[in-house]
Amino acid sequence: MTELDPVVAQFVNAVNAGDREAFEAVLTADATMSDDGNDLDLRKWAASEIFDTEGRMDIQSISDGGRAVVADYTNTRWGSMRTAWRFTVEGEKISRFETGQA
C-alpha cells in the first residue's frame, strides 16, 4: 500500500486519537471541507462527526501520492461506512478536505 502523505497521516492520527488540538494544528486557519459534495463548517462538522461521536478512520486504500484515501469510517452516530477522503495540502497543513460515501 502506498504511504500516506505525512500531513495526511497527522490528520488521520489526530482523528483516531480523538485529539482536537492535533487536528486543529494540522489545518490551516481558513481550512474548508465538504461532505457528500456539500460545503460545511469544518469545526462544527468535526465536533459532530469526529470528536463528539468517537470517529475513527480505518484506511483501506491510498492513492494520489498519499493525499486520497478510502477508509472504513466509524462513529457512534452512524456506525461504520466506507468513505472516500481527498486532501489539499499546502506546506505542512491541510487547507481543504472532501469526504463522502465511497
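Please verify whether Ser95 is in contact (Cβ under 8 Å) with a residue 60 or more places away in the chain, in contact with a strand residue (DSSP E or B) (Cβ under 7 Å, 6 or more places away or on another chain), among the small types (Gly, Ala, Ser) and in a strand (DSSP E or B), treating the condition exactly as stated.
Yes.
Among the listed residues Asp30, Asp19, Asp35, which satisfies the condition of being of a type in the set (Asp, Glu), under 14 Å from the mean Cα position of the chain (by Cα) and over 14 Å from Ala102 (Cβ atoms)?
Asp19
If a residue has to be under 20 Å from Asn38 (Cα atoms), over 12 Å from the mean Cα position of the chain (by Cα) and either among the aromatic types (Phe, Trp, Tyr) or in a strand (DSSP E or B) (or both) to count, how many in the stretch 76-88 make the cut?
Going through the stretch 76-88 one residue at a time, the tally reaches 3.
Here are some conditions: (1) without any contact (Cβ under 8 Å) to a residue 60 or more places away in the chain; (2) crowded, with 18+ Cβ neighbours inside 10 Å. Glu54 meets all but one. Which one does it not meet?
Just one mismatch for Glu54, condition (2).
Being surrounded by 16 or more Cβ atoms within 10 Å (Cβ to Cβ), farther than 20 Å from Arg82 by Cα and in contact (Cβ under 8 Å) with a residue 24 or more places away in the chain is the filter here, so list the residues in the stretch 2-31 that pass it.
Result: Asp5, Val7, Phe23, Val26, Leu27, Ala31.
Checking Leu42 against (1) in contact with a helix residue (DSSP H, G or I) (Cβ under 8 Å, 6 or more places away or on another chain); (2) touching a residue at least 12 places away in the same chain (Cβ under 8 Å); (3) surrounded by 15 or more Cβ atoms within 10 Å (Cβ to Cβ), only one condition comes out false. Which one?
Every listed condition holds for Leu42 apart from (1).
Does Trp85 meet the test of being crowded, with 17+ Cβ neighbours inside 10 Å and aromatic (Phe, Trp, Tyr)?
Yes, satisfied.
Criterion first (more than 13 Å from Phe97 (Cα to Cα), among the aliphatic types (A, V, I, L, M) and over 13 Å from the mean Cα position of the chain (by Cα)) does Ala47 satisfy it?
no
Which numbered condition in (1) exposed (fewer than 15 other Cβ atoms within 10 Å of the Cβ); (2) closer than 18 Å to Glu3 by Cα; (3) touching a strand residue (DSSP E or B) at 6+ places or on another chain (Cβ under 9 Å) is the only one that Gly100 fails?
Gly100 satisfies all of (1) exposed (fewer than 15 other Cβ atoms within 10 Å of the Cβ); (2) closer than 18 Å to Glu3 by Cα; (3) touching a strand residue (DSSP E or B) at 6+ places or on another chain (Cβ under 9 Å) except (2).
Under 9 Å between Cβ atoms, which residue pairs at least 6 apart in sequence (or on different chains) link something in the stretch 70-84 that is among the small types (Gly, Ala, Ser) with a partner that is surrounded by 14 or more Cβ atoms within 10 Å (Cβ to Cβ) and at pLDDT below 95?
Ala71/Ala102; Ala84/Ala102
The values are calculated or read from the model by the stated rules, or taken from the named source; none is laboratory data. Quick caveat: nothing in here was measured; it's all calculated off a predicted structure. So basically every Cβ, Gly included, is an ideal-geometry build from the backbone, and we count neighbours across all protein chains shown.
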